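Since the structure comes first, as structure tokens, the remarks are kept for the end.
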Amino acid sequence: MKNKLLILAGAMLLPAAAQAADLDGAALSLGWAAPFAAILLSIALFPILAPGVWHHHFGKITAGWTALFLLPFAATFGLGHAGALILHALFTEYIPFIALLFALYTVSGGILVWGSLHGSPKLNTAILAIGAALASVMGTTGAAMLLIRPLLKANEGRKRNVHVVVFFIFLVANVGGGLTPLGDPPLFLGFLKGVTFGWTFQHMLAPVAALSAMLLAIFYFLDRHLYAKEAREGTLKPVDRSHDKPLKLYGKRNFWLLAGVVGAVLMSGLWKPGIEFHLPGAHIELQNLLRDLILILLAFASLWITPKPVRAGNEFNWLPILEVGKLFAGIFITIAPVIAILRAGEHGQLAALVRAVSGPESEPLEIMYFWMTGVLSSFLDNAPTYLVFFNLASGDAATMMGPMADTLLAISMGAVFMGAMTYIGNAPNFMVKAIAEHRHVKMPGFFGYMLWSGAVLLPCFALLTLIFF
């Protein structure tokens, strides 16, 4: 009886012509995309509506939606095709993705900035600029975890310090990671699809530099105004430098491990021995397998060489990386039918989306790709959103870097930059918010943060549209 129900559920998701053993995107209905959408909506809504339930059961919720996709899929297409889909998602996308995040998170968590800092407009702007630069080397997660606590400590005596954290999310947790595949998860997914390291740096340099300069200038003048206002009100605590301690870095050996992370990623992009290992649904290239092994070894090396007090000083724990790991396991599996439908173009159930980003001659409209990728990245997660629009445009890295380079730039800018629009747009955003609130900063709620991002970021995005598209 159970098998009959599963087969019936699968049949309800497919038009009659789609009873096939492969993922024919033109024949798939949007019902197959429902579990993927449900996971993304769970990420967006549960932390707001039921934070306690989400905190304790996010893995189970994600697994439940994934099972609701896999069971009908296996009943309709067969266990072999379901197994091949899982192997493809794990070995070609999920494992490389999580290995890089695991390495960056672990290694950066072994570097501690300690000493006396006093939050003036110049110092705060300098920390934001340094963090934005580091984000493309350490990843937005690594740079954010390294610098958020020193920045909070420097500004703990100020009455008005919320804007400091908000701009930190803008610059360090998002915009600064736009120069390399190491910086932000969407760009690493593009790297896994074949977008080269050099292409990303060359084409994203001008947009990242322009937006960073705008945001740093806005922040400096805003912080200077608020700093002077606090001084006039008498709420600015006098700076006592008699007990100042010099600024020191602990765990500096981890910088060598960070260099190893960069080297491993570059190696996988430059070295092509032509050796592959074949699994059902997945072809694993030797250089990618070696890269992932090196990344994992570097993370364990960091755990081994870093003194425990250094990680304790960073309040290091595994919850953020565990949450990302569980969520993206479900995302990479359930996104498969969405990608298949998008690849069907005008013949698929998402033809309206295809037409929205295409002109009368089916040419891509870069402005629409930038804003639609960005809007969805704001309210969903920017990594799978990037993947959806990458496949919608072409799905072929050589084509995207060549004749469709402007389209790829629009997708990259939208995913990286507009991930800063909400707390849920990019993984480090919520992490930074949680750390700030733990240090008694009264961070704005979900919609309060959107007032900040709308007022500051939207005019900047409009200006970027005029400059680059």
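The values are calculated or read from the model by the stated rules, or taken from the named source; none is laboratory data. Just so it is clear, the structure is predicted and the values come from calculations on it, not from any experiment. Don't worry about glycine lacking a Cβ; one is built from the backbone with ideal geometry, like all the others, and counts go over all protein chains shown. Each accessible area value is taken on the protein alone, full model and side chains, heavy atoms only, with ligands, DNA and RNA left out. Shrake-Rupley method; radii C 1.70, N 1.55, O 1.52, S 1.80 Å.
With the helix formula -39500 (n - 2.57) applied to DSSP H stretches of n ≥ 4, the chain reaches a computed 222 nm mean residue ellipticity of -22500 deg cm²/dmol. Using a probe of 1.4 Å on the protein chains alone, the accessible area found for GLU346 is around 100 Å². Residues in the range 310-469 average 38 Å² of solvent-accessible surface per residue, probe 1.4 Å, ligands and nucleic acids excluded.
Report, in cubic angstrom per residue, the convex hull volume of the C-alpha atoms of the range 316-469.
Dividing the Cα hull volume of the range 316-469 by its residue count gives 132 Å³.
Compare the peptides 223-232, 196-205, 403-412 by average per-residue count of other Cβ atoms within 10 angstrom and give them in order, highest first.
403-412, 196-205, 223-232
Straight-line cross-link reach from LYS193 at under 20 Å between alpha-carbon atoms covers these lysines, not counting any fewer than eight positions away in the same chain: LYS272. Taking a ≥ b ≥ c as the square roots of the Cα gyration tensor eigenvalues, with a/c under 1.5 meaning rounded and otherwise prolate when a/b beats b/c, else oblate, which class fits the range 274-357? Oblate.
Computed from Cα positions, the angle between helix 319-334 and the longest principal axis of the chain comes to roughly 20 degrees. Using a probe radius of 1.4 angstrom, the carbon and sulfur fraction of the accessible surface of the range 370-469 is 70%. Only Cα sites of the chain enter the Debye sum here, all with the same form factor; the resulting log10 I(q)/I(0) across q = 0.06, 0.10, 0.11, 0.13 1/Å is -0.27, -0.75, -0.90, -1.24, listed in q order.
Seen against the Cα atoms of the chain and their longest principal axis, helix 197-233 is set at about 40 degrees. The mean of 1/r over all pairs of different alpha-carbon atoms in the range 43-151, once inverted, gives a Kirkwood hydrodynamic radius of 17.7 Å.
Taking every Cα-Cα distance in the range 169-250 and sorting them into 5 Å bins from zero, the calculated P(r) comes out as 3, 12, 14, 13, 11, 14, 11, 8, 7, 5, 2, 0 percent. Remark: for residue pairs LYS159/LYS248; LYS308/LYS442; LYS153/LYS326; LYS229/LYS433; LYS159/LYS229, the C-alpha separation exceeds 21 Å in LYS159/LYS248; LYS308/LYS442; LYS153/LYS326; LYS229/LYS433.
Rounded to the nearest 10 degrees, the angle from helix 95-108 to the longest Cα principal axis of the chain is 10 degrees. What a 1.4 Å probe finds exposed on the range 171-227 is 72% carbon and sulfur by accessible area, rounded to a whole percent.
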